[in-house]
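Enquirer: Can you keep this structure in mind? I'll have questions shortly.
The values are calculated or read from the model by the stated rules, or taken from the named source; none is laboratory data. Source: prediction; values computed, not measured. When we count neighbours, we look across all protein chains shown, and the Cβ atoms used for this are built from the backbone with ideal geometry, even at glycine. To get the accessible areas, we keep the full protein, side chains included, count just its heavy atoms, and leave off ligands, DNA and RNA. Shrake-Rupley method; radii C 1.70, N 1.55, O 1.52, S 1.80 Å.
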Amino acid sequence: MPLAVTHVLLTIILVDLFRDYILKNHKRYMTLHTVMIAGIAGLMPDIDIPLNWILGLFGKSISFLHHGGFTHTAFFGLIFLIPGFIFWKIGKEKIGVYFFVICFGIIFHVFLDFFVGGGAYEGVMWFWPLSSQVYKIHLLGSLGLQNLSAGIDALILLGWLWHEEMKHKISDFI
Ligand SMILES: [Zn+2]
């Protein structure tokens, strides 16, 4: 259930905080471009939703692509480490880091669906393809707070805007 905005914002915020407070003097490895790519990757697992619509238009259905399937596995995220390490090895560190943040964005999305609730209704197949066992905590659902997700979106957005204003002067960031 985390809404699209929550997925994108939380991923961007974490990557941006990492860049500001941990990388500090090594920021050249992570540009604002990298932060944007991370945000898009944070939504990427839900590509299974439009894919299913499109397949549905043609009367097709591929179980592997059902919502909460392949794109909601850690395996899908880990695949991006391969090009990441290759680019890093050949001295194209910045491009390598693009792939590392894609991996992070995907796995963080899967974690949010697992922990907060949502997307993958039955749960997340953490160990696919080794096992199809699904796992879930779905915190909001178990607390009966499903309707809170829109409010959470707003709070995250406001909190982040405040941080950006304080940290960079927001006009620099746009
Ligand atoms: Zn999802």
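Enquirer: Can you send over the solvent-accessible area of Tyr135, 1.4 Å probe, protein chains only, in Å² to the nearest 10?
Expert: Result for Tyr135: roughly 90 Å² accessible.
Enquirer: Let me ask another. Can you list the residues, at least 5 places off or on another chain, whose amide H is less than 5 Å from the amide H of Val124, using H built in the peptide plane?
Expert: Tyr135, Lys136
Enquirer: Could you order peptides 157-165, 4-12 by the average number of other Cβ atoms within 10 Å of their residues, highest first?
Expert: 4-12, 157-165
Enquirer: Could you check how much of the accessible area of region 34-147 is carbon and sulfur, as a whole percent, using a 1.4 Å probe?
Expert: Working: 4670 of 6320 Å².
The computed percentage sits at 74.
Enquirer: In terms of modelled amide H atoms, which long-range or inter-chain residues lie less than 5 Å from the amide H of Gly117?
Expert: Under 5 Å from the amide H of Gly117: His138, Leu139.
Enquirer: Right, here's the next one. Find the centroid of the Cα atoms in region 49-85 and in region 95-149, then give the distance between the two in whole Å.
Expert: Taking the Cα centre of region 95-149 as reference, the centre of region 49-85 is 14 Å away.
Enquirer: Let me ask something additional. Report, as a whole number in µm² per second, the diffusion coefficient that Stokes-Einstein gives for the chain at 25 °C and 0.890 mPa s using the Kirkwood radius over alpha carbon pairs.
Expert: Values: Rh = 17.2 Å.
Once the numbers are plugged in, D ends up at 142 µm²/s.
Enquirer: Let me ask something else. Which length gain, in nm to one decimal place, applies between Ile47 and Asn147 when the Cα-Cα distance is subtracted from 0.36 nm times their residue separation? Each step should come with its number before you reach the end.
Expert: Values: separation 100, 0.36 × 100 = 36.00 nm, distance 2.34 nm.
Separation in residues times 0.36 nm, less the Cα-Cα distance, equals 33.7 nm.
Enquirer: Rolling a 1.4 angstrom probe over the protein heavy atoms, how many square angstrom per residue are accessible across region 1-130? Intermediate values should be presented prior to the final figure.
Expert: Values: 6870 Å² over 130 residues.
I get 53 Å² per residue for this part.
Enquirer: Dipole of the chain, Cα-centred, from +1 at each Lys and Arg C-beta and -1 at each Asp and Glu C-beta, to the nearest 20 debye?
Expert: Details: 11 positive and 11 negative charges, 119 e Å.
With only Lys, Arg, Asp and Glu charged at Cβ, the dipole is about 580 debye.
Enquirer: For the cross-link pairs Lys27/Lys136; Lys24/Lys94; Lys92/Lys136, which exceed 27 Å when the distance is taken from alpha carbon to alpha carbon? The partial results should precede the final answer.
Expert: Details: Lys27/Lys136 35 Å; Lys24/Lys94 15 Å; Lys92/Lys136 38 Å.
As for pairs spanning more than 27 Å Cα to Cα, those are Lys27/Lys136; Lys92/Lys136.
Enquirer: Once you put a point 7 Å from the Cα of Gln133 and another 7 Å from the Cα of Phe85, both along the Cβ direction, what distance in nm separates them?
Expert: It works out to 2.6 nm between the two label points.
Enquirer: Would you work out which of Ile90, Val35, Trp160 lies farthest towards the positive end of the dipole of the chain, given +1 charges on the beta-carbon of Lys and Arg and -1 on that of Asp and Glu, about the Cα centre?
Expert: So the residue we want is Ile90.
Enquirer: Let me ask something else about it. Hydropathy at least 0.5 by Kyte-Doolittle, axial extent at least 15 angstrom from the Cα trace: which helices of the chain, defined as entire DSSP H runs, fit? Mind dumping the intermediate values first?
Expert: Details: long enough: 4-17 (20 Å, 2.18); 93-115 (32 Å, 1.75); 149-168 (28 Å, 0.27).
Span-like helices here: 4-17, 93-115.
Enquirer: Sticking with this one: Once the dipole of the chain is set up with Lys and Arg at +1 and Asp and Glu at -1 on Cβ about the Cα centre, which of Ile13, Leu112, Leu3 lies farthest towards its positive end?
Expert: Of the options given, the answer is Ile13.
Enquirer: Sticking with this one: With a cut-off of 8 Å between alpha carbons and a minimum separation of six or more residues, what is the relative contact order of the chain in percent?
Expert: Numbers: 232 pairs, mean separation 43.5, N = 174.
Answer for the chain is 25 percent.
Enquirer: What does the helix-only formula give at 222 nm for the chain: each DSSP H stretch with n ≥ 4 adding -39500 (n - 2.57), the total divided by the residues, and the result rounded to the nearest 500 deg cm²/dmol?
Expert: Values: 9 runs with 99 residues, N = 174.
It comes out at -17000 deg cm²/dmol, rounded to the nearest 500.
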